[in-house]
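J.: Okay, here's the structure, questions in a sec.
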């Protein structure tokens with residue numbers, strides 16, 4: 001026979017679970033998306049300031065391509081989850097033909113036309129930082145990728161030692177995403193969407 | 001080459017096969033697109049429903065022994081609520097309330113500043129491109 005105490009415990013658990021569902025499926029994803037977009041906007045603003053300083057023209061293809069890709073990531077940031085990307089891959093496999101890939105090619109060509117080596121290096125760094133933001137968003141939002149990241153992080157820490165935990169973390173994120181996600185395809189989609 | 005030969009041999013069959021492939025691509029495309037768009041919402045609703053069902057079952061089981069009309073029953077239930085749970089719910093509610101309030105303020109600030117930033121940036125870069133979010137910095141309905 002169930003007594004009042006057991007019933008209250010069950011009700012408490014049910015209410016707490018409902019609260020958890022609201023947090024996990026609504027508030028948490030909203031907050032992560034806001035943070036991602038905020039960081040990408042900040043990076044885009046930094047790139048704008050860099051161009052404004054005169055080191056690269058606003059009409060240079062490398063600047064325009066980089067901004068285009070950032071705009072696409074901001075616009076479709078809500079679709080940057082492991083679950084969504086897998087479904088997108090399935091959609092391309094079964095539902096629609098794969099769109100052509102030319103962003104990376106254009107980017108490589110554009111970056112080669114930058115004469116100043118320092119500027120070229122800085123633009124590549126901007127690109128890497130935007131990819132890092134996307135990787136973080138993908139990995140930290142998926143339990144599957146988090147598990148892979150954890151293993152990668154352990155291996156990274158063994159290799160690099162405790163001296164550089166941040167470097168090991170960044171390397172683990174990059175390794176995790178590069179093995180499981182086609183970034184060229186993602187950038188292509190982002191650039192097309194912008 | 002083989003496919004071309006087959007098409008030459010029986011063009012009607014080949015056309016039917018093509019239509020079938022097109023339909024299956026269209027069908028699966030829509031299935032995956034729907035799951036991608038509404039998967040999160042459906043999973044949330046299912047879990048929410050499950051919790052509600054469990055609570056309802058427990059209540060039904062208990063109601064067989066005690067009458068819901070009994071005033072003591074309601075007070076009895078409240079007296080059994082643990083203080084830890086009460087504090088947890090109060091703090092969680094407050095945190096969520098504060099978060100939602102802050103989020104609203106953030107959106108209003110974004111709305112206020114976006115047009116201004118855009119105007120200033122266009123003066124510097126007339127070909128400035130946009131991320132196509134709403135003025136509050138949210139995803140547009142068409143992009144969901």
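The values are calculated or read from the model by the stated rules, or taken from the named source; none is laboratory data. Values in this document were obtained by computation on a predicted structure and should not be read as measured data. Cβ coordinates were reconstructed from backbone atoms using ideal geometry, including for glycine residues, and neighbour counts include every protein chain displayed.
J.: Would you pick out the residues in segment B:58-96 that are part of a helix (DSSP H, G or I), facing another protein chain (nearest Cβ under 7 Å) and modelled with pLDDT under 70?
T.: Of everything in segment B:58-96, those that are part of a helix (DSSP H, G or I), facing another protein chain (nearest Cβ under 7 Å) and modelled with pLDDT under 70 turn out to be B:76, B:77.
J.: Quick check on this structure: which one of A:20, A:11 is surrounded by 18 or more Cβ atoms within 10 Å (Cβ to Cβ) and under 30 Å from residue B:57 (Cβ atoms)?
T.: A:11
J.: Which residues, counting only those in segment B:119-144, are in a helix (DSSP H, G or I), at pLDDT below 90 and either within 11 Å of chain A (Cβ to nearest Cβ) or surrounded by 11 or more Cβ atoms within 10 Å (Cβ to Cβ) (or both)?
T.: Across segment B:119-144, the qualifying residues are B:142, B:143.
J.: Looking at segment A:45-55 only, could you name the residues that are exposed (fewer than 14 other Cβ atoms within 10 Å of the Cβ) and part of a helix (DSSP H, G or I)?
T.: Scanning segment A:45-55 gives A:45, A:46, A:49, A:52.
J.: Can you find, within segment A:70-80, the residue that is nearest to residue A:108 (Cα to Cα) among those that are in contact (Cβ under 8 Å) with a residue 40 or more places away in the chain and at the interface with chain B (Cβ under 9 Å from one of its Cβ atoms)?
T.: This residue is A:70.
J.: Next up: Scan segment A:165-172 and tell me whether some residue there is buried (at least 20 other Cβ atoms within 10 Å of the Cβ) and in contact (Cβ under 8 Å) with a residue 40 or more places away in the chain.
T.: No, every residue in segment A:165-172 fails to be buried (at least 20 other Cβ atoms within 10 Å of the Cβ) and in contact (Cβ under 8 Å) with a residue 40 or more places away in the chain.
J.: Further, regarding this structure: Give segment A:56-66 a look and list any residue that's surrounded by fewer than 18 Cβ atoms within 10 Å (Cβ to Cβ) and over 17 Å from residue B:121 (Cα atoms), or say none.
T.: A:61
J.: Across segment B:34-43, what is the total count of residues that are free of Cβ contacts under 8 Å to residues at least 12 places away in the same chain and surrounded by fewer than 16 Cβ atoms within 10 Å (Cβ to Cβ)?
T.: The total comes to 6.
Here is a yes/no grid of residues against (1) under 30 Å from residue A:58 (Cα atoms); (2) in a helix (DSSP H, G or I); (3) touching a strand residue (DSSP E or B) at 6+ places or on another chain (Cβ under 9 Å); (4) free of Cβ contacts under 8 Å to residues at least 60 places away in the same chain:
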position	(1), (2), (3), (4)
A:131	yes, yes, no, yes
A:134	yes, yes, no, no
A:137	yes, yes, no, no
A:151	no, yes, no, yes
A:178	no, yes, no, yes
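J.: When segment B:39-57 is examined, which residues are found to be within 8 Å of chain A (Cβ to nearest Cβ) and under 15 Å from residue A:8 (Cα atoms)?
T.: B:51, B:52, B:54, B:55
Residues are listed down the side, and each one gets a yes or a no for (1) within 19 Å of residue A:133 (Cα to Cα); (2) touching a helix residue (DSSP H, G or I) at 6+ places or on another chain (Cβ under 7 Å); (3) buried (at least 18 other Cβ atoms within 10 Å of the Cβ); (4) away from every other protein chain (no Cβ under 11 Å):
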| residue | (1), (2), (3), (4) |
| --- | --- |
| A:24 | no, no, no, no |
| A:43 | yes, yes, yes, yes |
| A:68 | yes, yes, yes, no |
| A:82 | yes, yes, yes, yes |
| A:94 | no, yes, no, no |
| A:104 | yes, yes, no, yes |
